[in-house]
Amino acid sequence: MTNTISKGDLRESLMLWLPTGNEKMDEQTINNFLISRQALEDFLDLKITPQEYIDTLDGCDLKIDDYLDDVSFNLQNL
């Protein structure tokens, strides 16, 4: 039996979130978030490769190892 993951479930597992609360974010953080969100959509639409997606996140100063650990955890729980 093959399990199929929907695009929505995959998006939710890979999605980045901005911090909530009273923390004020600078313009660069918001810009990096928007770039990473677009990269996720491009990756899910097969417009960019997995490596290009990771490279984009890395360019947004994301801690890639931590992100991939979170993604792995999220995918295991689908």
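The values are calculated or read from the model by the stated rules, or taken from the named source; none is laboratory data. As the structure is a computational prediction, the values presented were derived from the model and not from experiment. We place every Cβ from the backbone using ideal geometry, glycine too, and count neighbours over all the protein chains shown. Protein only, heavy atoms only, side chains kept; ligands, DNA and RNA dropped before computing areas. Shrake-Rupley method; radii C 1.70, N 1.55, O 1.52, S 1.80 Å.
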Quiz item: Using a simple charge model, +1 on the beta-carbon of Lys and Arg, -1 on the beta-carbon of Asp and Glu, nothing else, what dipole does the range 1-60 show about its Cα centre, in debye to the nearest 20?
Solution: 180
Quiz item: If Lys and Arg each add +1 and Asp and Glu each add -1, what is the summed charge of the other residues whose beta carbon sits under 11 Å from the beta carbon of Ser36?
Solution: -3
Quiz item: For the chain, which whole percent of the accessible surface, found with a 1.4 angstrom probe, sits on carbon and sulfur atoms?
Solution: 51
Quiz item: With each pseudo-label sitting 7 Å past Cα toward Cβ, what's the Thr4-Leu34 distance in nm, one decimal?
Solution: 3.6
Quiz prompt | Fraction in percent of alpha-carbon pairs per bin - 5 Å, the chain | solution = 3, 14, 23, 25, 19, 10, 4, 1, 1, 0
Quiz item: Considering only DSSP states other than H, G, I, E and B, which chymotrypsin sites (Phe, Trp or Tyr not before Pro) in the range 1-69 qualify as loop sites with at most 16 other Cβ atoms within 10 Å?
Solution: Trp17
Exercise. Compute the distance in nm between two label points, each set 7 Å from the Cα along the Cα-to-Cβ direction, one at Leu18 and one at Thr49.
Key: 3.2
Self-check item: trypsin sites (Lys or Arg not before Pro) lying in DSSP loop within the range 32-69, provided at most 14 other Cβ fall within 10 Å
Solution: Lys47, Lys63
Self-check item: Residue-averaged 222 nm ellipticity for the chain, from DSSP H runs of 4+ at -39500 (n - 2.57), nearest 500
Solution: -19500 deg cm²/dmol
Practice problem: Set the Förster radius R0 to 22 Å, insert the Cβ-Cβ distance between Asp26 and Lys63 as r into 1/(1 + (r/R0)^6), and round the FRET efficiency to 0.05. | Solution: 0.80
Practice problem: May I ask for the net charge around Leu78, where only other residues with Cβ less than 11 Å from the Cβ of Leu78 are counted and Lys, Arg are +1 while Asp, Glu are -1? | Solution: -2
